[in-house]
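Beneath this line is the structure, given in structure tokens, with notes to follow.
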Amino acid sequence: MKKSHAFCSALLVSYMFCLPISLADGPQVAVLDVDRVLDAYPEAAMAEADLQRMAEKFEDELEADRLRIDALRKELEQLQSDAGNAALRDEARAELRESAMAKLAELREADMHLRQKMQRLQRQLNETGDQQRNAIFQKIQAWAGVVAREKGVDLVLDGSFMSPGGTPLVLYSSSAVDITDAVIDKIPAKAGEKQP
């Protein structure tokens, strides 16, 4: 960690020597709190609700399969119990053991089918969520671009982004470079209104 920090510090110092004395002529940077924009965007909430409904529908489909598996498991347990009944003739117990083996095969097949269905539905849910998120972020990116051009900004950073390690991308920014409110003002009040 210290080596990495030392390397970054050395890199920053060497970069500073390459910069012109005045940063005023350099690129203009702004910060956008994407989380706040998403909270203010009605279509983001609608997309989230759509995904929730889709997940609930999938869960209902899976529940029917789970109930079938539970019924098969109970039937198998009953067949195994009956096959162990010493009061029955050997032929009857053998027949019950054979039925139990067939029920076990049916149970395994139903269980495998359920697992495959769960994977397929999860993949479908993930793909739908990714498509919706990409569409929403394209709109946010367009709004941010409009505001950035209006304000003469060259680079917009997501002020709400956290690295996988939990470190914020933007360590400090003043309110003077925050364009979040200006981007939120560009959001259509209703779904389907003209986009930038």
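Since every read-out is calculated from the coordinates, none of them should be taken as a lab result. Keep in mind that what you see is a predicted model, and the values were worked out from it rather than measured.
Among the lysines of the range 19-186, pairs at least eight places apart or on separate chains and with Cα atoms under 20 Å apart come to 5.
Around the amide H of L157, modelled in the peptide plane, lie the amide H atoms of A30, V31, L32, all under 5 Å away and 5 or more residues distant in sequence or on another chain. Across the range 19-186, C-alpha contacts under 8 Å between residues 6 or more apart give a mean separation that, scaled by the residue count, equals a relative contact order of 45 percent.
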